[in-house]
Amino acid sequence: MEPPSPAAIDLGFDPGPLALWAGIFAQATPAGRISAVEGALRGRRGRYWRREIGRWIGRLVPVEILVPESAQRWRPLVRDAFQFVFERLSDRRLATKVAQQFELPADTPPEQRLLRLVNKMPGLQKVGQVLARNRRLPPKLRRALSELENGMSDVTPEEIRGLIEERLGQRLTEYAVELEPAILSEASVSAVIRFTWNCPGREREQGVFKVLKPYVPQCFDEDMTLLQDLGEFLTAPERGYGFAIHDVKEMLSEVLLLLTHELDFRREQATLLDAVKMYRASIGIRVPKLIEALSTADITAMSAEAGVKVTEAFPRSPIRRARVAEQLIEALVAVPFFSREPEAIFHADPHAGNLLYDETNRELVVLDWALAERLSRESRRQLVLLSVMMALRNPEGVRQAIRDLALSAGRGNHERLGVIDGCVDRFFDQLAPDDSPGTLEAMRLLDRIALDGVHFPPPLFLFRKIVLTLDGVLYDVAGPGVRIDEVIAREFLTRCVASLGAFHAPLEWKDVAAIPWNALRYSFCRLWPGKAPAAPTDSARASRGSTPNRRPKSPPRAKSRRPGPRRPQSQPAG
Ligand SMILES: Nc1ncnc2c1ncn2[C@@H]1O[C@H](COP(=O)(O)OP(=O)(O)O)[C@@H](O)[C@H]1O
Ligand SMILES: [Mg+2]
């Protein structure tokens, strides 16, 4: 937008002591305005001006418009947080923000002012994004935040095109790359733009460039420090925000983690290659193919994938949506869980914006591998057991799985085994007879145990996040009926049955021996009415137990082995 001519500056609100600047601004060019504020911030009264700017911003964007009545007690915290961040912003960035706000037309609504304020502030934008996906927040606030996310735009297609030309130079001609004029998607750290290119030996193909926005590396360190300081500020006892400490800490650590990973393009590229391998045998799931020849440290080139946002797939068919939900669980939990690799990759940010559904081929497309976690076979084994034992309401099995998880994190947990036992006992005592706890409850139980001082391996933190995020997406896709643990349990049972005793990674024979078969039969009947398996006899156990590493004659394929009325036929990839 063109800045207004000097005479047109009319604030339309009381600028307080900042009125002084309105006069100066009227005479100055846009660059002159920024320099004038910067000068004031650097001067002797810099701190005074910062404080005044903080208050002024609070009046420009009243916290009431952002935080609804229903979340009233969060308002002072949000106001303090805003003030804290802007008061501490570096001179040049803060001066730019002040000048921009003065230049906006007097009747600009606060929401628009807010968009300008968070312009080129990846740290704050990320906070908004993470909050928008938090199901514990009131829906109205989440909607406001996601509108903010969609309305964000702080790079132009020309800037992105310029960066691509600078980095790829000759390669653009070599591969006859043609860029689309518009940006496809823009978020806090990167922008995505479509292109077509000549893939050697193939027909012309469609791709996308995911490009690190050029200003992000410059303000990254400042934003990280600001957010860390903000965390300390908000959680200090003298603030009196005790009710929010846990949420604030958790939200900020997620934001910091996301930001660090999202800047590491090389890492995402390597993960994409691994993910393609992991899903190679899985029908109905795909990930974009990396185009290495056109990728750099700040550009990822990959195949353009067709599909709609997963929550919008088959809007009128509950049956197909139920199948989509199962594909989600398979892709994000079951395939990595049961991978034969020593370390399996989990997509650690599975919100709906990262999941497309290709309705024509009935394929789920998993995008955005910036945040991924690798779990060892042993951790996965314990998590599978925890899930299965939880679904079977088996306290002893749950206790053992959690003990093993804790012990693998450190011997120091030896002294805290009593805490685990106590929490598990309390959990089962409080279960109502008709409750059916699952993976989600298992994660909540781990949370409670962690709060009591038991230390778990760090990847578990991310696994918990995966389950919680996925649970939200599943709810939006198919309502409350879909359960992660049921799909895991079914995978587990199918593998037991299909492999005739040569049990699939990551499970071992002793795990199966530890499972109460009567409960398992019950569970099996619930999942596939009318098809109960026979419990292994002792002699069968003994003979299978003697060849624990025997492989199945024909390892079951990921998609062809599952019976069951709940599963409509999926089409093979086209
Ligand atoms: N390979 C792809 N094919 C089609 N669209 C893509 C592809 N990669 C990304 N997009 C689009 O760009 C958006 C942002 O990409 P993503 O990788 O999630 O980056 P970020 O969330 O960090 O901006 C996605 O939600 C999707 O709409
Ligand atoms: Mg994304």
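Observations on the structure shown:
- Total residues in segment 305-341 satisfying the condition of being closer than 20 Å to Lys277 by Cβ, buried (at least 18 other Cβ atoms within 10 Å of the Cβ) and either away from ligand 2 (no atom under 16 Å from the Cβ) or among the polar types (S, T, N, Q) (or both): the figure is 9.
- The residues listed here are Val473, Val467, Val477, Val454; of these, the one that is in a loop (DSSP other than H, G, I, E, B) and at negative phi is Val454.
- Whenever a residue of segment 362-373 is farther than 13 Å from Ile466 by Cβ, its partners that are of a type in the set (D, E, K, R) and near ligand 2 (Cβ under 9 Å from one of its atoms), lying with C-beta atoms within less than 6 angstrom and at least six residues away or across chains, give the pairs Ala370/Glu262.
- Contact map, segment 148-164: first residue in the same structural domain as Gln129 (by TED's automatic domain parsing) and among the aromatic types (Phe, Trp, Tyr), second residue buried (at least 18 other Cβ atoms within 10 Å of the Cβ) and part of a helix (DSSP H, G or I), Cβ cut-off under 8 Å, separation 6 or more or different chains; the map is empty.
- Among the residues of segment 339-374, those that are more than 13 Å from ligand 1 (Cβ to nearest atom) and polar (S, T, N, Q) comprise Ser339, Thr360, Asn361.
- Reported count of residues in segment 437-482, each being within 13 Å of Leu332 (Cα to Cα) and among the aliphatic types (A, V, I, L, M), is 7.
- Residue check, Glu254 more than 10 Å from ligand 1 (Cβ to nearest atom) and in contact with a Cys (Cβ under 7 Å, 6 or more places away or on another chain): no
- Residue check, Ser188 within 13 Å of ligand 1 (Cβ to nearest atom) and touching a helix residue (DSSP H, G or I) at 6+ places or on another chain (Cβ under 6 Å): yes
- Any hit, segment 280-295, residues being within 20 Å of the chain's Cα centre (by Cα), more than 30 Å from Asp447 (Cβ to Cβ) and crowded, with 19+ Cβ neighbours inside 10 Å: yes
- Among the residues listed as Ile484, Ile449, the single one being modelled with pLDDT of 55 or more and more than 20 Å from the chain's Cα centre (by Cα): Ile449
- Residue that is nearest to Leu77 (Cα to Cα) [pool: residues in segment 196-232 that are over 23 Å from the mean Cα position of the chain (by Cα) and crowded, with 19+ Cβ neighbours inside 10 Å]: Gly207
- Flag for Ala348 being within 16 Å of ligand 2 (Cβ to nearest atom), under 20 Å from Lys289 (Cβ atoms), within 18 Å of the chain's Cα centre (by Cα) and small (Gly, Ala, Ser): no
- Residue in segment 387-401 that is surrounded by fewer than 19 Cβ atoms within 10 Å (Cβ to Cβ), farther than 27 Å from Asp349 by Cα and touching a Ser or Thr at 6+ places or on another chain (Cβ under 8 Å) present: yes
- Test: Pro457 is closer than 24 Å to Pro506 by Cα and not assigned by TED's automatic domain parsing to the domain that holds Ser253: yes
- Phe461 meets all of the listed conditions (1) surrounded by 15 or more Cβ atoms within 10 Å (Cβ to Cβ); (2) in contact (Cβ under 8 Å) with a residue 12 or more places away in the chain but one, namely (2).
- Subset of segment 180-214 (residues that are out of contact with any Leu (no Cβ under 8 Å at 6 or more places or on another chain) and among the charged types (D, E, K, R)): Glu180, Glu186, Arg202, Glu203, Arg204, Glu205, Lys210, Lys213
- Search result, residues across segment 142-179 that are surrounded by fewer than 16 Cβ atoms within 10 Å (Cβ to Cβ) and either of a type in the set (S, T, N, Q) or within 13 Å of ligand 1 (Cβ to nearest atom) (or both): Asn150, Ser153, Thr156, Gln170, Thr173
The values are calculated or read from the model by the stated rules, or taken from the named source; none is laboratory data. As the structure is a computational prediction, the values presented were derived from the model and not from experiment. Heads up, the Cβs are rebuilt from the backbone with ideal geometry, glycines too, and the neighbour counts pull from every protein chain shown.
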